[in-house]
Every structure is written in C-alpha cells, then in structure tokens.
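Below is one structure; the comments refer to it alone.
A short reminder: the numbers here are calculations on the coordinates, not readings from a lab. Since the model is a prediction, treat every value here as computed from it, not as a measurement. Note: ideal-geometry Cβ built from the backbone for every residue, glycine included; neighbour counts use all protein chains shown.
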Amino acid sequence: MARITRKGLSWPAVLAAVLFAGCGTAGGDRAGGAPAPEPRVLTLANTFFDAGELAGFIQEVDRLSDGTLRIEAQDGWRDGEATAEQQLIADVSAGAADLGAAPSRAWDAAGVRSVRALHAPLLIDSYALQQRVVEGPLIADMLEGLGSLGLVGLGVLPGPMRKPLGVTRPLAKPSDYKGLAVGIQRSGVADATFRALGARPVPFPSAGPITSFGAVEQQLRSIEGNRYADTAKYLTANVNLWPRPVILFANQAAFDPLSKAQQDILRRAVTAAAPAQTATHRLDDLESAGNLCRAGEQFVTSGPQDMAALRRAVAPVYDELRRDSGTRAMIAGIEALREPADAGQDQLTCATAPTTVTRQSPLEGVWRVTTTARDHGPGQPDAGPGNYGRWIYVFDRGHFALTLENELACGWSYGTYEVTGNRVALTFRDGGGHTPDKAYSKPGEYFVFEWSLYQDTLTLKPVKGEISPENFRIKPWRRTATTPSRDALSARCPPPAGALPE
C-alpha cells in the first residue's frame, strides 16, 4: 500500500524513467513497410529488488538505439547472500549474464582496486561532488581495472549517500563507535574504516536484520523501507560516510560481438541517466528524512570538531589507499573537483511539528473503492498487488485505518489525518499484512491530497510540491456509512487494536 518497497522503486526514479521513455522515437514498421528487426536483448544481473536505480539507464538504451537494443533486468541476483555483490561480479565474468550492475564497494574483494576512491571515507560527501566525479575523466581510468576479470566497464551511476545509524547510542564522534559491532555491506574500505574507529565491522545481506548490531551504515531509503528505524533510533544526519555508486559493466565475450554503435550506446546511456539519478537520490533523502522524523527517529549532528576528529581517525585508511599509486591519483583528482558550494547542500534536519488531530471533519465514515493493475498502467510503481484491489477506509475523529485485499495480497495501515480547507494530510503510524511486493506503509509517511466531495463521492487530486500517491486517488471513493466502524474493515487482515479510537 505504500510507495516504498524493500529496495523499491521511488516516485522520483519512476518519473525520471517516464521522462526518458518519452524521448524515444516511435516504434513500428520502417520506411517502405519493412518490419522492424527483432531487438538485440542483453541480460542485466543486479542485486536490487526491482532494478529501480537502473530504470534510467534501461530507458536510455532503448531511446538511443531506437528500440533495436533492449536490456532485460534480472533482479534480486543471489538475494539474501552476504556476498551477493561479489558473486554477481564472478557470475557475469563467467558468462551467466551479459551485463552486470554492482556497487563500487564490491570490487576490491574481486581483485579490482582501481575504483576504491569512489567510496573512500568522507571523501565524496555530497551529491554535487559525486555527479562531477561520475561525469569526469577519472572514471575511464578507474574502469580499466575491470579488464583483468574479462569485463568491460560501461560507466558509473551515482548512488545514495550512506550514513551512520546508531542502534544502541548516538554516533557523533570517533569514541562513539568504540566496541560496537557495525553492520556493513561487504567492503574492504568500510571494514578498514570502522576498524580505524575502534568498531568491529560485520558484513550482512542487503535488507537483512540489524538487531544484533550496535550500529549500521545505510542509505536513508533503506533505513525507511527496511523498517530499520524500529530498531535503530539515532541517525547521524549530517555525516555522509561515502556514496554507493553503481558500476555498470559487460562480459567481454558478450560485448565484443556488438557493433561499435551499440557499444557506444551502452556507454552513452550511463552518462545520460546520471543527472536524473542524482536528482532522484536527493529527493529520496528529503522524503525519507521527513518520514523518519515524523516516525520519531532522533537526528544526531556531528559538530565541526567531531567531523575533524572523524577525519583524523580514518587517516590510516587513507595511508593504505595511497600506497597504490593509481588510487592515490584518483583521490587527488576527486579532491580537486570539490567546490566550496558543495558543503551543506545535502543537509537534513528534523523539525517537523506533530500532526494536529482533527476531531471532526466532512470525511468521517466508511469509504470503499476497487482498483486494478490496469488502472495504473503497465510498469507503474502502484501496479503491484500491494497497491490495487478492494480498498476500505475508515475515518474517525482525526484517525484513519484502511485495508486492501486482492487474490494475492491483504494489507492494513493506520495513522492520523488533518483537514485544512480543501486539503487532507495523512500521516501513517504503521502498516502490515502480507503482500508479495512488500508494499507496506511505513511509520512517518506523509501524503497530501486536494479533496472534493459530492453526494458521498470523494475525489482526491495531487498537490504540487507534496507526495500524493496515485493508488489513493486513481478512482473516486464512495462513502457507504457516515458512522465510522472498525467492523467495516477486512476481517482477513485487520489493523491492530488501537488503530482507531474507542
């Protein structure tokens, strides 16, 4: 029912993909009535749940090739394995897929040391700097190192910033890390960084549980989507440890038979997709930060002295990285791209006022609507089974609860709402049930709609500058009772006791 899934596709990513798709040349028969040739299909192995971060690249390949080259994403590669990213690299090298996508952190364990500067600690600490790096000449030299594995580097997509998330205590200065078991996705640089801070790094699978750790390093979207804030309450909001850029690459044997034009298209598609990807990560961070703040996450700040101490503490990591002449040159090249305006661009704050509970409103009662995947259109984010079906909404004195059922899913959500003029704002407190796409509402999600009511038919519209998911507004709701009743909700997957006032 929520827009966020485990490593799911965010609204900004989908919008970017739609914009890319709209730029292509129409398909169909060629001049003279000759049918268009069958497209060349290349498989793309990736560890993402639904390849959302790769949508722009995939759309750009289709656009630039006029549909003659198509990418078929194979998502969730080796899902659940702590070494999934490293195994994916080995699998593509062995020819199990034509193309692969793996974060830069995964490559040192595969024997490729040329990309380590991309995730050196506290080096690329803003989206603006990361964008200049992935667009610049340093990348071509970094990717040459993939040749030793029989792979061809195509380019680098910018990734989300990874932040410290404290489970047992806040993390502002080096001493806060001492003695903690810190959950990481497997990375030699991350391992060395946390050891330099006095912690014990422990690799764990993407989206795996974090209850055994004292801290983890994660991006905001994963913290929210994986419900890590239920366990870890201290987010160091102004510290970007490193980004998680994604390297796109090809199996040499699959790449060589492509025409020179097709090879060039694959490389150009990465570059063309990068700016929208940066914008997507920025918007994702802002949205997730707001949701986490409303859900009660504590935002921790490292002051200037704390930041200086952190940089001093990780100096041994740089001593090791700079022993390699190539990495030393890459670090210097990245430092040269830094600009004064980068500082503070990606600041996140938690200053959201509590939602005011409305005691009565014109929305009181029970509402129903039935939607289908076809209502959303193919490939849209709300077309999954966790976002369509038989909806029942109950609005009761500033509180709401809803259930959703179809043949594949049954879910619930609840929270508070506020009506101000012709706008209604929903703040979610929790969501659950069982949906194959993991589309559960998350604590702190905040949606705003414009509403109009005519003869017990409620129409919702999007609000510019606010998050107004399509699955809530794609069809009008029909009021079936003016008296709120918990009994109206699904008996198959009801929300927990206390979702609505007694």
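Give me the Å³ per residue figure for the convex hull around the C-alpha atoms of region 146-229. Kindly include the intermediate steps, with their values, before the conclusion.
Values: hull volume 9.9 nm³, N = 84.
Expressed per residue, the convex hull around the Cα atoms of region 146-229 is 118 Å³.
Within the chain, how many lysine pairs that are 8 or more places apart, or on different chains, have C-alpha atoms less than 28 Å apart?
Number of lysine pairs found: 24.
Say each of residue 43 and residue 113 gets a label point 7 Å from the Cα, pointing the same way as Cα to Cβ; how far apart are those two points in nm?
In this crude spin-label approximation the distance works out to 3.3 nm.
On average, how much area does the Cα convex hull of region 122-183 cover when viewed from any direction, in nm²?
6.3
Of all alpha-carbon pairs in region 63-145, indicate the percentage at a distance above 18 angstrom. Show your work: numbers first, answer last.
Numbers: 1877 of 3403 pairs.
Roughly 55 percent, once rounded to a whole number.
What is the angle, in °, between the Cα long axis of helix 325-337 and the longest principal axis of the Cα atoms in the chain? Nearest 10 is fine, range 0 to 90.
50
Tilt of helix 260-294 relative to the longest C-alpha principal axis of the chain, in degrees (0 to 90, nearest 10)?
Rounded to the nearest ten degrees, it is 50.
Assuming 0.36 nm per residue, please report the length gained on full extension of the stretch residue 370 to residue 259 beyond their Cα-Cα distance.
Working: separation 111, 0.36 × 111 = 39.96 nm, distance 4.88 nm.
The span from residue 370 to residue 259 would gain 35.1 nm if fully extended.
For a quick size check, give me the Cα extents of region 77-214 along its three principal axes, largest first, whole Å.
Principal extents (Cα only, largest first): 43, 32, 20 Å.
Determine by what factor the alpha-carbon radius of gyration of the chain differs from 2.2 N^0.38 Å, reporting the quotient.
Working: Rg = 23.9 Å, N = 502, 2.2 N^0.38 = 23.4 Å.
Its radius of gyration relative to the 2.2 N^0.38 Å reference: 1.02.
When DSSP beta bridges are limited to those with both residues in the chain, what percentage is antiparallel, rounded to the nearest 5? Can you show the working numbers first?
Working: 67 of 85 bridges.
Taking every DSSP beta bridge with both residues in the chain, the antiparallel ones total about 80 percent.
Sequence gap at least 6, Cα distance under 8 Å: using those rules, report the relative contact order of the chain to the nearest whole percent. Kindly include the intermediate steps, with their values, before the conclusion.
Numbers: 1112 pairs, mean separation 79.4, N = 502.
After rounding, I find 16 percent.
Can you tell me the length gained on complete extension of the stretch residue 175 to residue 420, counting 0.36 nm per residue apart and subtracting the Cα distance? Walk me through the numbers before you get to the answer.
Working: separation 245, 0.36 × 245 = 88.20 nm, distance 4.68 nm.
That works out to 83.5 nm of additional length.
Give the span of region 142-291's Cα atoms along each principal axis, as three whole-Å numbers ordered largest to smallest.
Reported extents, whole Å, longest axis first: 55, 33, 24.
How fast does region 365-488 diffuse by Stokes-Einstein, in µm²/s, taking the Kirkwood radius from C-alpha pairs at 10 °C and 1.306 mPa s? List each step's numbers first, then the result.
Working: Rh = 14.6 Å.
D = 109 µm²/s.
So what's the net charge close to residue 332: Lys and Arg +1, Asp and Glu -1, counting the other residues with Cβ under 15 Å from its Cβ?
Net charge around residue 332: +2.
For region 411-479, what is the Kirkwood estimate of the hydrodynamic radius, computed as the reciprocal of the mean inverse distance between distinct Cα atoms, to one decimal in Å?
On the way: mean 1/r = 0.0774 Å⁻¹.
12.9 Å is the Kirkwood radius here.
Can you pull the one-decimal nm distance between simple spin-label points at residue 325 and residue 230, each 7 Å off the Cα toward Cβ?
In this crude spin-label approximation the distance works out to 5.3 nm.
Only Lys, Arg, Asp and Glu count, each charged at its Cβ (+1, +1, -1, -1), so figure out the dipole size of the chain about its Cα centre, rounded to 20 debye.
Details: 52 positive and 54 negative charges, 173 e Å.
That gives a dipole near 840 debye.
Expressed as an acute angle from 0 to 90° and rounded to the nearest 10, what is the orientation of the C-alpha long axis of helix 55-64 relative to the principal long axis of the chain?
Tilt of helix 55-64: around 70 degrees.
Taking 7 Å along the Cα-to-C-beta vector as the label spot, tell me the residue 491-residue 475 distance in nanometres, rounded to one decimal.
2.3
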